[in-house]
1. What about residue 257, is it without any contact (Cβ under 8 Å) to a residue 60 or more places away in the chain, in a helix (DSSP H, G or I) and out of contact with any helix residue (DSSP H, G or I) (no Cβ under 6 Å at 6 or more places or on another chain)?
2. Just one of 411, 434 is modelled with pLDDT of 65 or more, outside the structural domain of residue 166 (by TED's automatic domain parsing) and under 30 Å from residue 372 (Cβ atoms); which is it?
3. Take residue 204 and tell me if it is part of a loop (DSSP other than H, G, I, E, B), surrounded by fewer than 22 Cβ atoms within 10 Å (Cβ to Cβ) and at negative phi.
4. Restricting attention to segment 293-312, which residues are surrounded by 14 or more Cβ atoms within 10 Å (Cβ to Cβ) and either at positive phi or part of a loop (DSSP other than H, G, I, E, B) (or both)?
5. Check off (1) outside any loop (DSSP other than H, G, I, E, B); (2) within 19 Å of residue 172 (Cβ to Cβ); (3) in contact with a helix residue (DSSP H, G or I) (Cβ under 7 Å, 6 or more places away or on another chain) for residue 267 and give me the number that stays unchecked.
6. Consider residue 261 carefully, then state whether it is over 37 Å from the mean Cα position of the chain (by Cα), surrounded by 13 or more Cβ atoms within 10 Å (Cβ to Cβ) and at pLDDT below 90.
7. Being at pLDDT below 90 and exposed (fewer than 13 other Cβ atoms within 10 Å of the Cβ) is the filter here; which residues of segment 264-292 pass it?
8. Could you please find all residues in segment 174-199 being assigned to a loop (DSSP other than H, G, I, E, B) and surrounded by fewer than 17 Cβ atoms within 10 Å (Cβ to Cβ)?
């Protein structure tokens, strides 16, 4: 670990107790760079050796206090606040302590304790700066991680995580269903990573994104001269995934004639390249997904029933975002941190109004839409906190769908039950106490709303 220069910005008068504190810091190896009024004219740079700031709130004038907040936001550094009991009783100063400071210490703090706290804050600042630089480099070179990860604390997500662990251990075909934007490919990757094939290749192909005349060649490959333009042999996605996992997204869009070829492969575990006669054995696990109802597609003759049953050995249902609304705020904050390199330094999070409208919004595009709206808001927002208009969600457009009073009550009851169970780690006694009902009532409501009585194994997964 590199040795840091122990330097901090200092805001406070040099006379009196504040001056004595500053002298004590200097004697303990700290260099202080004093910021003087007017604070609005102070310019703090990333190249500045000071990795942490210290402000003595008792010394600030009313004008300094108003200018302190934007200064702290611009600095992108942790700040330690020194304040007396009278300071903490002042609403304006208390707001700065609560929302902007890394730590609060009393005016009579022991100097050894303060230097340890500043050392910790400076090291945190160094790591944050390193993380920002690495994220910026990854963004510039196109080496970013997956766009988003699984995050969740609700029973709906617990159930998904538990199912992923179970099916990951079994080497059988898996059918993943869910609306667009819920994370079906991410689910497939998670299953692959928890399988015995995790050290081998994972190949994903969107069957609905390829022209019909290219799908067969893309899946099965082709021999040289098989058709006009086939100037050399090509290995298909199935063969390339040998030993690993193949994920067929939007399998419902696969043409009927190609469904026959895929069924033959699942039955024989051999493929023939286009233009070839040789049977090539391939050991690959097939995961498939679609947002359409394949049962209806089978009934309508658009999808082969025998293929459906071959793919649908194990099932995973990915919930829509509106089915676990208590995860919306957690997801929003996760993506806010995930893409923090894209935001202005003054942007610190979401306003309460923004969080409220996100909870009430229907999210037809699910998690993918949430990511897009959060990233757009982080770029466009010019304030300290993201507002509903930054997200592009209008309050008047919320809850336009008609619901009866009974439906509203049922939905509220179910949401309250799931939220209480989630907060109490599925402990029925604790949830019953929080809701002010008996254990018998909790069990009755679980049965009424079709919620499993079995507690999930984990509360989060990412």
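The values are calculated or read from the model by the stated rules, or taken from the named source; none is laboratory data. Given the structure is predicted, the values throughout are model-derived calculations rather than measurements. Neighbour counts are summed over all protein chains in view; Cβ atoms, including those assigned to glycine, are modelled from backbone coordinates with ideal geometry.
1. yes
2. 411
3. no
4. 302, 303, 304, 312
5. Evaluating residue 267 over (1) outside any loop (DSSP other than H, G, I, E, B); (2) within 19 Å of residue 172 (Cβ to Cβ); (3) in contact with a helix residue (DSSP H, G or I) (Cβ under 7 Å, 6 or more places away or on another chain) leaves (3) as the failure.
6. Against the criterion (over 37 Å from the mean Cα position of the chain (by Cα), surrounded by 13 or more Cβ atoms within 10 Å (Cβ to Cβ) and at pLDDT below 90), residue 261 qualifies.
7. 277, 278, 279
8. 180, 194, 196, 198, 199
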